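Comments concern the structure below.
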Amino acid sequence: MEQNSVCIIKSDKYNYPKADELFRPSICYAEYPYKQDIAQEENHVYQMVRDGLHMCGFDTAHYGTSDWNPLGEFIKPGERVLIKPNLVLHENLGGYGEECLYTHPSVTAAVVDYVIIALKGKGKIVIGDAPLQECVFDILLDTSGYSKLVEYYKTKEIDIEIVDFRNTKTYIQDGIHYQQTDECADHGTIVQMNEISLFAEKTKKELQKLRITNYDPRILQQHHNSHKHEYNISNEVLLADVIINMPKPKT
């Protein structure tokens, strides 16, 4: 099915809900699966996500009823769903807040709820991304609230996990940066794109100038050159039946 829908939801509120109430909605919507868990403080983020799904015209016939299943067009029971938020770094090196560094879990939580509705008790949900090398993944999950969110769903017997896609990480000890590559990690598969890669039209000189932060350009040129273009794609991406991309606008 091909469907292109764009909507913009605007609010003059610029704060995110706190993790204390596990990013639950503050309104008991008809379709909401956990009616015993309602936030006491207003959760306008959840409502904005819900309004967006409605504005896109998903399952309009059942909107406002307990049968509303806006993602049912895309997700079927038993499928494996990957939700990919943008998880960048565990701390703001400029000394400000961290909320600009990741897709906030309050946004992800609303999407997860509607994925759960679509799966109807059968299937698996994976939340995952590849942060910057120097990101301490566990700290990011704890300070953001993602850890609490995933544990909440596990108490509901939802098959869900959060995954770090990285094979290479950087850690700091005594002020020195060390790069650590897990040679035994089976996080990704090399996929050859070759002539259909967007880099295929680049000249040899342009390809030699390719750079990715923290990665040795000599290794990069072994995989992107005049003869081939190949990418290490996360196995979670390749295994997924449905991928929901949740980028984070930032500067």
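Within the stretch 143-251, how many Lys pairs that are eight or more residues apart, or on different chains, come under 29 Å at the alpha-carbon?
19
Of all accessible surface on the chain at a 1.4 Å probe, what whole percent is carbon and sulfur? Could the numbers behind the result be given before it?
Values: 7670 of 15010 Å².
In the chain, the share of accessible area belonging to carbon and sulfur is 51 percent.
How do ILE176, ILE38 stack up against each other in accessible area, from largest to smallest, with a 1.4 angstrom probe?
Numbers: ILE176 85, ILE38 50 Å².
Largest to smallest exposure gives the sequence ILE176, ILE38.
HN-Hα J couplings of the stretch 8-13 from phi, Karplus 6.51/-1.76/1.60, θ = phi - 60°, integer Hz, Gly and Pro as x?
10, 10, 10, 9, 8, 9
Can you tell me the dipole magnitude for the stretch 1-131 around its Cα centre, using point charges on the Cβ only (Lys, Arg +1; Asp, Glu -1), in Debye to the nearest 20?
Charge dipole, the stretch 1-131, about its Cα centre: 380 debye, nearest 20.
Amide H neighbours of THR170 under 5 Å, at least 5 residues apart or on other chains, H built in the peptide plane: list them.
Sorted by chain and number, the residues that satisfy this are GLU134, CYS135, GLN180.
For q values of 0.15, 0.18, 0.21, 0.22 Å⁻¹, compute log₁₀ I(q)/I(0) with the Debye formula on a Cα-only model of the stretch 117-200, without solvent.
For the requested q values the scattering log ratios are -0.80, -0.96, -1.06, -1.10.
Residue by residue through the stretch 15-28, which ³J(HN,Hα) values in whole Hz follow from phi under the Karplus form 6.51 cos²θ - 1.76 cosθ + 1.60 (θ = phi - 60°), with glycine and proline marked x?
Result, ordered by residue: 9, 9, x, 7, 6, 4, 9, 6, 6, 6, x, 8, 10, 7 Hz.
In debye to the nearest 20, how big a dipole does the stretch 1-66 give about its Cα centre with +1 on each Lys and Arg Cβ and -1 on each Asp and Glu Cβ?
60 debye
Provide, in order from the shortest bin, the percent of all Cα-Cα pairs of the stretch 4-66 in each 5 Å bin, continuing until the bin that contains the maximum pair distance.
Result, from short to long distances: 3, 17, 23, 23, 19, 12, 3, 0 percent.
Work out from phi, with θ = phi - 60° and the Karplus expression 6.51 cos²θ - 1.76 cosθ + 1.60, the ³J(HN,Hα) of each residue of the stretch 78-85, listed in order in whole Hz, and give x for Gly and Pro.
3J(HN,Hα) across the stretch 78-85, in whole Hz: x, 7, 9, 10, 9, 9, 10, x.
Rounded to the nearest whole Å³, what is the per residue volume of the convex hull around the Cα atoms of the stretch 1-134?
Value for the stretch 1-134: 141 Å³ per residue.
With a 1.4 Å probe and every protein chain left in place, tell me how much accessible area THR170 has, in Å² to the nearest 10.
20 Å²
Rounded if a/c is under 1.5, else prolate if a/b is larger than b/c, else oblate: which is the stretch 160-251, with a ≥ b ≥ c the root eigenvalues of its Cα gyration tensor? List each step's numbers first, then the result.
Numbers: a/c = 1.69, a/b = 1.14, b/c = 1.48.
Because a/c hits 1.5 or more and a/b fails to exceed b/c, the stretch 160-251 counts as oblate.
If each DSSP helix of 4+ residues adds -39,500 (n - 2.57) and the sum is divided by the residues in the chain, what number results at 222 nm, nearest 500 deg cm²/dmol?
-7000 deg cm²/dmol
Where does each of 232-238, 20-26 land if you order them by average Cβ count within 10 Å, highest first?
For the peptides 232-238, 20-26, the packing ranking is 20-26, 232-238.
Take every Cα-Cα pair in the stretch 93-251 and report what % of them are more than 19 Å apart.
Numbers: 8262 of 12561 pairs.
So the pairs more than 19 Å apart make up 66 percent of the total in the stretch 93-251.
When the dipole is taken about the Cα centre of the stretch 43-197, and only Lys, Arg (+1) and Asp, Glu (-1) are charged at their Cβ, what size is it in debye, to the nearest 20?
540 debye
Among SER226, PRO131, ASN214, flag the residue with its Cα farthest along the positive direction of the charge dipole of the chain, charges on Cβ as +1 for Lys/Arg and -1 for Asp/Glu.
SER226
The values are calculated or read from the model by the stated rules, or taken from the named source; none is laboratory data. Fair warning: this is a prediction, and the values are worked out from it, not measured in the lab. Glycine gets a Cβ as well: all are built from the backbone with ideal geometry, and neighbour counts include every protein chain shown. With ligands, DNA and RNA removed, areas are computed over all heavy atoms of the protein, side chains included. Shrake-Rupley method; radii C 1.70, N 1.55, O 1.52, S 1.80 Å.
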